[in-house]
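Remarks on the structure that follows.
None of the figures in this text is laboratory data; all of them are computed from the coordinates on show. These numbers were taken from a predicted model, which means no experiment stands behind them. Don't worry about glycine lacking a Cβ; one is built from the backbone with ideal geometry, like all the others, and counts go over all protein chains shown.
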Amino acid sequence: MALIEAKEITKIYRIGEIQVKALKDVFVTIEKGEFVSVMGPSGSGKSTFMNVLGCLDKPTSGDYLLENIHIGGLGRDELAAIRNKKIGFVFQGFNLLPRTSAMENVELPLLYDGISARERQEKALEALKNVGLEGRGDHHPNQLSGGQQQRVAIARALVNNAPLILADEPTGNLDSKTSAEIMELFTKLNTQSDITIIIVTHENDIAAYSRRTIKFLDGRIISDDKKEKR
Ligand SMILES: Nc1ncnc2c1ncn2[C@@H]1O[C@H](COP(=O)(O)OP(=O)(O)OP(=O)(O)O)[C@@H](O)[C@H]1O
Ligand SMILES: [Mg+2]
């Protein structure tokens with residue numbers, strides 16, 4: 001069973017009289033454990049594609065299946081539950097809550113689950129350890145470097161053991177050395193567990209960490225290249 005199956009997906013945005021076809025006839029299958037980069041010029045549909053995969057937005061037409069579940073048939077609450085259980089999100093701007101400790105930021109996705117405070121802390125500590133931030137749990141975002149903040153965001157994405165991590169330009173705000181460290185972390189996570197990682201990037205150096213590159217142009221997939229097995 002594929003983790004992700006997108007079949008003939010289109011996404012049309014309508015603003016007044018104007019229609020923008022952001023995705024056109026997108027077919028893609030992604031297996032569990034893949035590490036995929038998504039590339040293409042600005043406005044080519046990368047974020048729209050990620051929003052569909054992340055169940056943040058529904059396609060205008062076509063079918064999206066995540067772990068064999070038809071996403072199109074679900075309502076708001078069901079979508080929220082799927083996002084919480086199955087998907088970890090990482091953003092360019094980290095999107096951490098300010099004035100809130102790293103630990104509490106990482107615990108957030110567990111709050112919806114009725115898990116005890118103690119278990120939340122244990123899981124958050126483990127996730128922070130997994131990203132190399134043990135001992136930083138009490139720091140607030142403004143007391144951490146950009147790379148460390150992104151590690152906290154990655155720990156938050158990991159804490160629910162979701163099978164899928166979606167990262168839209170996760171290194172866009174980081175210098176090249178820190179970017180490399182974040183990509184090495186993604187590589188480690190992808191190798192040590194079966195977690196599927198999909199990242200959007202504009203940079204070939206960053207895409208080179210992935211095992212497969214999907215390129216968009218004008219809302220369509222124009223290439224889809226897999227590397228040989230490791
Ligand atoms: N909420 C929206 N409403 C209307 N049009 C939108 C919306 N979001 C995106 N678009 C349009 O859809 C197209 C694809 O946008 P998208 O954000 O997916 O591009 P992108 O490849 O992520 O670009 P970038 O590299 O700049 O982030 C663009 O023409 C954009 O203007
Ligand atoms: Mg984008």
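Tell me, F91, F49, F216 in order of fewest to most beta-carbon neighbours within 10 Å?
Exposure proxy ranking, most exposed first: F91, F216, F49.
Would you order I165, I222 from fewest to most other beta-carbon atoms within 10 Å of each residue's own beta-carbon?
I222, I165
Starting from 0.36 nm per residue, how many nanometres of slack lie between R118 and A180 once their C-alpha separation is accounted for?
Using 0.36 nm per residue and subtracting the Cα-Cα distance, I get 18.9 nm.
Considering just Cα atoms, how many Å³ per residue does the convex hull of the chain enclose?
Looking at the chain, the number lands at 135 Å³ per residue.
By how many degrees, between 0 and 90 and to the nearest 10, does the Cα long axis of helix 76-86 differ from the longest principal axis of the chain?
Roughly 60 degrees between the two axes.
I need the calculated FRET efficiency for the pair E67 and K129, taking r as the beta carbon distance and R₀ as 25 Å, to the nearest 0.05.
So the FRET efficiency works out to roughly 0.35.
Run the numbers for E8 and L111: contour at 0.36 nm per residue of separation, minus the present Cα-Cα distance, in nm.
33.5 nm
If I stretch the segment between K227 and T29 completely, what's the gain in nm (0.36 nm per residue apart, minus their alpha carbon distance), one decimal?
69.7 nm
Rg and Dmax of region 41-147, using alpha carbons, in Å: what are they?
Answer for region 41-147, Rg first and Dmax second: 16.5, 47 Å.
I want to make sure I understand the PRE zone here: with the label point 7 angstrom from the Cα of Q92 toward its beta carbon, which residues in region 138-161 have backbone N atoms less than 18 Å away?
Once the point is set 7 Å along Cα→Cβ of Q92, 146-147, 149-151, 153-154 turn out to lie under 18 Å by backbone N, inside region 138-161.
Below 26 Å, Cα to Cα, which lysines can K188 reach? Residues fewer than 8 away in the same chain don't count.
Excluding near neighbours in sequence, the set is K32, K46, K85, K86, K123, K129, K177, K215, K226, K227, K229.
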